[in-house]
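Here's the structure we're looking at; comments come further down.
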Amino acid sequence: MQLILIVSLTWTGFAAKQGSSQIVLWLLAIVFFYLPLAAVVMKLSRAIPVEGGVYQWVKAGLSPFAGYMAGWSLTVTAICFFASVGSMLANGFAYAGGVPGSWMAVSKPFALTLTALACLITFAMNVRGLHAAKWLSGAGSLLMITTFLLLLYLLMRAWVTGTPSNRSSFSLAWPGFSILTLNVFTKMALGALSGFDNSAVFSEECRKPENDVARSVLIAAPLIAFIYILGTLAVLAYVPPAAVDLAATVPQVLQAGFGVTALGRALTSIAVYGFNVYLTAAMVIFVGMVARLPMVAGWDGLLPAWWSQLHPKFRTPYKAIAAVTATLLVLGVLSLLGAANQEAVQLSSAISIGSLCIMYMLLFAVILFGFRQRPERPGIAIRLGALAAFLVAFASLIFEILPLGDVASPALFALKVGGTICAANGLGAFLYWRGTRLLRRISAIGC
């Protein structure tokens, strides 16, 4: 689950925009964000091993309002990121279909149909429960690793043959300081390397949450770093940075690497279909994860009680799952209004990461300012790591208004991203205020 919750090979495309200096950026992102996050998650999962993950951690470490907004931001993150799932799936199928299938990459009805189908699968799997979704999660993880192995094969072949583009793909040169470099760095850190905290949402559905979550971090961390660095090298070995398709990076590389022969098209098609199954599996797990956050808020009385109502047979929060899935579908429709598939992916990704930045700033603030009255008070080393990660998250929040790829209007892009993030947080704060006011009213009547 750590692999499928963290690794998205689509982020190799964002990193490839940096060119040959991407390795140093990956290493910097690992030192200043990835490793501090892993340490913080291990610390908090052992101190507070309860259902709800970051919502409960921030609530206990800072305040109920901060915990609520952390959970709300994580929910917005997952919904906005997967709102563009139809565009990503459509572009993948377009590469698999070759020239006859090129229409799929520009067809908005096709992308919306795929979004609706993915939402239906997500709802059905999550209502059945984690015991069913975990098999899809496992299959998705294996397919992701298989896709990575194909990229690794293409990278090794490029190294052996010494292709011109590959000669400049591997470099330990220090990247030049620029707005573009900082933009890529923050997206690599917050987009690609975040997520160790997500599996803790299912803490009370694990056998030993105080040990299992931390152990999964230790096992997954080196493998995830390995996958990202070599995966980006594979992209740069076959595709120039300026030509990277952010909506379908992996299919683009597979097509470029295997060629347009009959065998090459067949291998590309198989790999793309497997990648799309992996993407759908990731969506199922993420929606199941974030649907439990409003369920916990419902337990606390901050949201209407129906958010916490469980299915009579499967004992899952089916109403919360339905609400999250329906919202995702609506945002999927809105993301394609006046935007092509690649711009829609950038837009939803920027809003998603912006919301994620807010959640992580609250999470790291727990280590920096919280736990003053608890015996688990963090040491100086983990505090310094949390400070570095907090600053990376803050910088990433600012840079989300800047697109990496071509968009119709950069100013309109920035307005959409900033406006949506502000509106989403305003709505979350309003619902919290409404919930607390209702609780006070009920308490007064009871007294």
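The values are calculated or read from the model by the stated rules, or taken from the named source; none is laboratory data. Worth saying up front: this structure is predicted, and the values here are computed from it rather than measured. Here the Cβ positions follow ideal geometry from the backbone for every residue, glycine too, while neighbour counts run over all protein chains shown.
With respect to (1) modelled with pLDDT of 85 or more; (2) touching a helix residue (DSSP H, G or I) at 6+ places or on another chain (Cβ under 7 Å), the lone exception for L130 is condition (1).
When restricted to residues that are within 21 Å of S335 (Cβ to Cβ) and either of a type in the set (S, T, Y) or surrounded by fewer than 24 Cβ atoms within 10 Å (Cβ to Cβ) (or both), segment 62-80 contains 3.
Candidates I401, I351: the one that is over 17 Å from L193 (Cβ atoms), outside any helix (DSSP H, G or I), in contact with a Phe, Trp or Tyr (Cβ under 9 Å, 6 or more places away or on another chain) and modelled with pLDDT of 80 or more is I401.
Within this structure, L117 passes the test of being surrounded by fewer than 24 Cβ atoms within 10 Å (Cβ to Cβ), at pLDDT 90 or above and either under 18 Å from the mean Cα position of the chain (by Cα) or more than 26 Å from G428 (Cα to Cα) (or both). For segment 294-304, the count of residues that are at pLDDT below 85 and more than 22 Å from A60 (Cβ to Cβ) is nonzero.
Out of curiosity, is A305 farther than 22 Å from Q2 by Cα, surrounded by fewer than 19 Cβ atoms within 10 Å (Cβ to Cβ) and not acidic (D, E)?
In short, yes.
The helices (runs of 4 or more DSSP H) located wholly in segment 4-97 that include 1 or more residues which are farther than 30 Å from L439 by Cβ and under 20 Å from the mean Cα position of the chain (by Cα) occupy 11-16, 22-29, 35-47, 64-82, 85-97. Answer yes or no as to whether S396 is more than 26 Å from C119 (Cβ to Cβ), within 16 Å of the chain's Cα centre (by Cα) and of a type outside the set (D, E, K, R). Yes, satisfied. A Cβ distance below 8 Å, combined with a sequence gap of six or more or placement on separate chains, defines the contacts here; from segment 431-447, residues that are among the aliphatic types (A, V, I, L, M) reach residues that are at pLDDT below 85 and surrounded by 11 or more Cβ atoms within 10 Å (Cβ to Cβ) in the pairs L431/L302; L431/L303; L438/G301; L439/G301; L439/L302; I442/G301.
Among the residues of segment 298-347, those identified as farther than 20 Å from L120 by Cα, in contact with a Phe, Trp or Tyr (Cβ under 7 Å, 6 or more places away or on another chain) and in a helix (DSSP H, G or I) are G298, S308, L347. Condition check for D300 on (1) touching a residue at least 40 places away in the same chain (Cβ under 8 Å); (2) within 28 Å of N91 (Cβ to Cβ): one failure, at (2).
Checking M295, M283 one by one, the residue that is in a helix (DSSP H, G or I), in contact (Cβ under 8 Å) with a residue 60 or more places away in the chain, among the hydrophobic types (A, V, I, L, M, F, W, C) and in contact with a helix residue (DSSP H, G or I) (Cβ under 7 Å, 6 or more places away or on another chain) is M283 and no other. Exactly one residue among V330, V287, V345 is β-branched (V, I, T), surrounded by fewer than 16 Cβ atoms within 10 Å (Cβ to Cβ) and either farther than 16 Å from V54 by Cβ or touching a Pro at 6+ places or on another chain (Cβ under 8 Å) (or both), and that residue is V330.
Within segment 399-423, being hydrophobic (A, V, I, L, M, F, W, C) and out of contact with any helix residue (DSSP H, G or I) (no Cβ under 8 Å at 6 or more places or on another chain) holds for A411, L412, A414, L415, C422, A423.
Name the residue, out of A243, A282, that is closer than 20 Å to A83 by Cα and modelled with pLDDT of 80 or more. Just one listed residue meets the conditions, A282.
Do we have any residue at all in segment 40-61 that's of a type in the set (G, A, S), crowded, with 19+ Cβ neighbours inside 10 Å and on the phi > 0 side of the Ramachandran plot? Yes, some residue in segment 40-61 is of a type in the set (G, A, S), crowded, with 19+ Cβ neighbours inside 10 Å and on the phi > 0 side of the Ramachandran plot.
For segment 238-259, the condition holds for no residue, the condition being that it is within 22 Å of L136 (Cα to Cα) and among the aromatic types (F, W, Y).
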